[in-house]
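All remarks here apply to the structure that follows.
The values are calculated or read from the model by the stated rules, or taken from the named source; none is laboratory data. Keep in mind the model is a prediction, meaning the values are calculated, not measured. Note that we place each Cβ from the backbone using ideal geometry, even for glycine, and neighbour counts take in every protein chain shown. Protein only, heavy atoms only, side chains kept; ligands, DNA and RNA dropped before computing areas. Shrake-Rupley method; radii C 1.70, N 1.55, O 1.52, S 1.80 Å.
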Amino acid sequence: MGDSSAALSQRRQAFDALAEASADGIIMLDEESVIQYANPAVERILGYPSEELVGGSKMTIIPERLREVHMEAFQRYLETGEKHIDWTYVELPGQHKDGHEVPLAISFNDFTRDGEQYFVGTFRDISARKDVERKLERQNERLDRFASMLAHELRNPLYVAQSYLDFVDDEENTATISQIADALQRIDEIIEVLLVLARDESEVDGLETVEMQSVAAEAWPETATDEVDLTLVGTQQITANPSHLQHVFENLFRNAIRHNDGAVTVRVGALDGGFYVEDTGRGIPEAEREAVVEAGYTTDDDGIGLGLTFVAELADAYGWDYVIGESDEGGARFEFTNVARSN
């Protein structure tokens, strides 16, 4: 018995040392919700000295608006063993001594000693993280509003230009007028792409079943040159907005054309769960493959470094996975997987 008591005493001393040094708050309750132990970190987080809490109710550190729910859940667990929340991790507010609420990340556990049941709550202050989350949420809301405003402001003069084209009647410049109309249409589509990039995956609209190779073939004339050939390998039906997919292809084609010299072949083919676009050019060095999708990155004196950024952001908006690798000839290869396929 003496050895057992000594071992128990040693374990208790070890627990006390760990609890005293812990940066997380630790509180132990009995079955009556009476606080039996509170470590020093509780005062730093909630403002209550340990001696002020021990012997009192746990309701002291629970916001008043949540006390009834807490008590009902606690009683239900004592009677049925049913947990109404995840004990391994839950985010709940605590009541600070000065009255304000503190967001906490909490884990719970229980144990029985001498026939009595005890409960241990370990928690940390996540105020800083919550502040960052709120800041990001506000920034996203501002970005959404700005994107919508920008789209509106750009479309006003765009629609004016398109309407004036309807009044132009010059048979000698029919081809030029057609090119202007096509360019205005592409600007309108790019505005749509920018709106998608400013929002999230749930707001991607205009989805339909598209033939991947057909969209690639339509994108090719917008970028083709005499020294570059397009080869379509296989076929694939996927679910996407055709304008968005065409934008992806156009930017990948431009990348292959602008960053290679001489004759180059661009291939578009199907993958299991996606597709690829590759070329026979000089490729992208492995050390640069993460950087090439960052806004502003370019090796072209005339480039602005947004083409591959748009590709990467559209892939993210659709939830596609992508990887940049190397074709058999040493050129660049872009693989997109986790792409929704049409049945």
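Annotation note: Cβ proximity below 7 Å between a residue of the stretch 11-23 that is over 15 Å from S50 (Cβ atoms) and a residue that is of a type in the set (A, V, I, L, M) and open to solvent by 100 Å² or more (accessible area, probe 1.4 Å) (sequence gap 6+ or interchain) occurs for no pair.
Within the stretch 200-221, the only residue that satisfies the criterion of being surrounded by 14 or more Cβ atoms within 10 Å (Cβ to Cβ) and modelled with pLDDT under 85 is V204. Among the residues of the stretch 77-84, is there at least one that is aromatic (F, W, Y) and assigned to a strand (DSSP E or B)? Looking through the stretch 77-84, none of the residues is aromatic (F, W, Y) and assigned to a strand (DSSP E or B).
Scanning the stretch 100-107 turns up one or more residues that are surrounded by 13 or more Cβ atoms within 10 Å (Cβ to Cβ), in contact with a Pro (Cβ under 7 Å, 6 or more places away or on another chain) and closer than 17 Å to I26 by Cβ. With the requirement that a residue be assigned to a strand (DSSP E or B) and either acidic (D, E) or within 31 Å of the chain's Cα centre (by Cα) (or both), what does the stretch 211-257 give you? Those that are assigned to a strand (DSSP E or B) and either acidic (D, E) or within 31 Å of the chain's Cα centre (by Cα) (or both): E211, D229, Q237, I238, T239, A240. Among the residues of the stretch 258-276, the one identified as under 18 Å from A219 (Cα atoms), among the aliphatic types (A, V, I, L, M) and touching a residue at least 60 places away in the same chain (Cβ under 8 Å) is V264. The residue of the stretch 309-331 that is most open to solvent (accessible area, probe 1.4 Å), among those that are under 28 Å from D261 (Cβ atoms) and assigned to a strand (DSSP E or B), is E326. For the stretch 234-277, give me the residue count where each residue is surrounded by fewer than 17 Cβ atoms within 10 Å (Cβ to Cβ) and within 20 Å of T209 (Cβ to Cβ). Residues that pass the stated criteria total 7. Within the stretch 116-128, restricting attention to residues that are within 17 Å of H96 (Cβ to Cβ), surrounded by 10 or more Cβ atoms within 10 Å (Cβ to Cβ) and not β-branched (V, I, T), the residue that is nearest to the chain's Cα centre (by Cα) is S127. The condition of being part of a helix (DSSP H, G or I) and surrounded by 15 or more Cβ atoms within 10 Å (Cβ to Cβ) holds for F74. All of T112, T88, T60 fail the test of being β-branched (V, I, T) and assigned to a loop (DSSP other than H, G, I, E, B), apart from T88. Would you pick out the residues in the stretch 264-290 that are of a type in the set (A, V, I, L, M, F, W, C) and either within 16 Å of T235 (Cα to Cα) or in a loop (DSSP other than H, G, I, E, B) (or both)? Matches in the stretch 264-290: V266, V268, A270, L271, F275, V277, I284. Which count do you get for residues in the stretch 278-291 that are open to solvent by 20 Å² or more (accessible area, probe 1.4 Å) and closer than 17 Å to W220 by Cα? Of the residues in that region, 1 qualify. Six or more apart or on different chains, Cβ atoms under 6 Å: show the pairs whose first residue is in the stretch 206-225 and within 15 Å of V268 (Cα to Cα) and whose second is surrounded by fewer than 14 Cβ atoms within 10 Å (Cβ to Cβ). Final answer for the pair search is Q213/T235. For the stretch 78-99, a residue qualifies if it is open to solvent by less than 80 Å² (accessible area, probe 1.4 Å) and free of Cβ contacts under 8 Å to residues at least 24 places away in the same chain, and the qualifying residues are G81, I85, W87, V90, G99. Considering V268, V292, the condition of being at pLDDT below 90 and touching a Leu at 6+ places or on another chain (Cβ under 9 Å) is satisfied by V292 alone.
Beta carbons closer than 6 Å, at least 6 apart along the sequence or on distinct chains, pair a first residue in the stretch 34-51 that is surrounded by 16 or more Cβ atoms within 10 Å (Cβ to Cβ) with a second that is part of a helix (DSSP H, G or I) and small (G, A, S) for A38/S50; N39/A19. Taking the conditions (1) open to solvent by 20 Å² or more (accessible area, probe 1.4 Å); (2) under 22 Å from F111 (Cα atoms) in turn, I27 satisfies each one other than (1).
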